[in-house]
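Encoded as structure tokens, the structure appears first; notes follow it.
We did not get these values from a lab; they are worked out from the coordinates using the rules stated. From a predicted model like this one, the values you see are computed outputs, not experimental measurements. Backbone-built Cβ (ideal geometry, glycine too); neighbour counts: all protein chains shown.
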Amino acid sequence: MQNIPYATQEINQADIQAVIEVLQADYLTQGKKVPEFEQAVSKVCRAEFAVAVNSGTSALHIACLALGVGPGDYVWTSPNSFVASSNCALYCGANIDFVDIDPRTYNLSVEELAKKLAIAQQKNCLPKVVIPVHFAGLPCDMQKIHTLANQYGFKIIEDASHALGASYAGKPVGCGCYADISVFSFHPVKIITTGEGGMALTNDADLAERMRLYRSHGITRDQEKMTQPAPGSWYYQQQLLGFNYRMTDIQAALGISQLSRLPEFISKRRAIAQRYMQALSELPLQLPMTEERSQSAWHLFVVQLVTHQLSKTRQQVFTELRTQGIGVNVHYQPIHLQPYYQHLGFSAGDFPVAEAYYNGALSLPMFTKLSEAQQAQVIASVREVVQ
Ligand SMILES: *Cc1c(COP(=O)(O)O)cnc(C)c1O
């Protein structure tokens with residue numbers, strides 16, 4: 001039997017054709033495809049501005065920079081995420097801290113956030129930016145986080161790397177109703193792919209402008225933004241220390257083509273999730289939470305082993321499933337337990353809910369190309385191993 005991965009991209013002939021067309025055209029980068037992709041994503045997400053970059057990580061970095069995150073500032077995020085969600089603050093020389101998660105949604109807990117903010121206010125160390133992560137594609141409780149942002153004066157970058165195509169309170173994630181900047185990743189395991197790639201969305205023209213500068217060396221060719229009249233049309237100005245985080249037109253063309261299938265991708269993922277939900281409901285597993293007010297993008301399908309009802313450890317379950325060719329995975333090792341973060345002063349026990357969650361977490365294969373037969377094989381193996 002063939003191994004089933006936990007995630008993989010779905011590329012069709014139209015995607016391939018779109019990439020070939022760029023390869024045969026004049027511009028491999030800095031052509032028209034990148035702005036076209038930006039407009040397409042901002043339309044789908046109903047945000048005004050979009051800045052495409054070479055990874056979700058770069059998008060998080062320029063988002064922090066555009067919001068002025070720097071030395072002495074505090075940035076808070078969820079410990080149950082990929083390290084990029086917190087590394088972006090460290091790139092800016094800021095301090096990072098975490099807010100423990102909700103044991104049902106596995107997202108940053110709003111109650112914990114409120115408590116931590118009250119304490120931070122007394123100690124005069126409120127965060128400049130909070131980065132909620134829509135874990136597995138399920139939107140965080142953004143209305144409440146937004147209310148706290150107004151109360152305590154912090155900015156919000158939503159890490160929506162898992163959540164392109166998700167909706168919250170009737171609006172698409174990325175619309176900017178409850179976040180200053182929304183960040184997406186187009187890594188091949190994510191909802192749509194450009195190979196590597198990412199995007200930052202905002203409704204704030206100044207933030208968009210600053211993110212564009214940071215994306216490309218801090219250089220502008222816009223006469224109106226310059227400190228002196230341009231002596232000629234060759235002239236450009238570097239106005240801040242930026243990077244080369246540009247996306248290529250090759251990637252953007254793939255992204256445009258992929259994006260046209262977003263509704264299809266989401267409905268396939270939802271159907272897979274529904275089948276898992278039904279088939280696994282009788283087992284000693286905590287299944288993912290679903291909510292009235294939001295639609296998950298179903299980037300991941302995470303089950304939690306109810307360990308006191310099981311005679312096996314997570315390690316045993318993981319190994320037995322991998323041996324049967326089922327590409328289970330674990331999302332995420334709590335960021336604060338990484339050696340690099342331990343050197344910053346974090347310890348085991350700091351975020352107990354995220355740690356307990358991690359000890360029982362198991363991601364089952366979830367990707368649009370997963371066939372019903374393959375999914376049946378996953379379900380049969382999970383039943384056999386955990387029953
Ligand atoms: C994938 C991911 C990122 C980083 O995206 P890249 O495009 O791989 O740089 C950031 N945050 C989360 C939650 C992710 O899953």
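If you go through segment 131-154 and keep only what is touching a helix residue (DSSP H, G or I) at 6+ places or on another chain (Cβ under 7 Å) and over 18 Å from H331 (Cα atoms), you end up with D141, K144, I145, L148, Y152. Out of segment 353-387, which residues are in a helix (DSSP H, G or I) and surrounded by fewer than 12 Cβ atoms within 10 Å (Cβ to Cβ)? E372, A373, E384, listed by residue number. Residues being over 25 Å from L23 (Cβ atoms) and surrounded by fewer than 22 Cβ atoms within 10 Å (Cβ to Cβ) are represented in segment 187-203 by at least one member.
Assess whether G218 counts as being under 25 Å from V302 (Cβ atoms) and in contact (Cβ under 8 Å) with a residue 24 or more places away in the chain. Don't jump to the end; show me each part of the working.
On the way: under 25 Å from V302 (Cβ atoms): no; in contact (Cβ under 8 Å) with a residue 24 or more places away in the chain: yes.
Here the answer is no, as G218 does not meet what is asked.
Listed here are the residues, each with its yes/no results for (1) in a strand (DSSP E or B); (2) buried (at least 21 other Cβ atoms within 10 Å of the Cβ).
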site: M289; (1), (2): no, no
site: E292; (1), (2): no, no
site: A297; (1), (2): no, yes
site: V302; (1), (2): yes, yes
site: S311; (1), (2): no, no
site: Q315; (1), (2): no, no
site: Q333; (1), (2): no, no
site: F346; (1), (2): no, no
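Note on segment 94-120: among residues that are closer than 18 Å to F346 by Cβ and part of a loop (DSSP other than H, G, I, E, B), the one that is nearest to the ligand (Cβ to nearest atom) is V99.
Can you tell me which residues in segment 293-319 are among the hydroxyl-bearing types (S, T, Y) and touching a helix residue (DSSP H, G or I) at 6+ places or on another chain (Cβ under 6 Å)? Hits for segment 293-319 are S296, T307.
Taking segment 189-231 as the range and being away from the ligand (no atom under 16 Å from the Cβ) and of a type in the set (A, V, I, L, M, F, W, C) as the test, the residues that pass are A205, L207, A208, L213, I219, M226, A230. Of all residues in segment 60-83, exactly one satisfies the criterion of being in contact with a Phe, Trp or Tyr (Cβ under 7 Å, 6 or more places away or on another chain), within 9 Å of the ligand (Cβ to nearest atom) and within 30 Å of K33 (Cα to Cα), namely F82.
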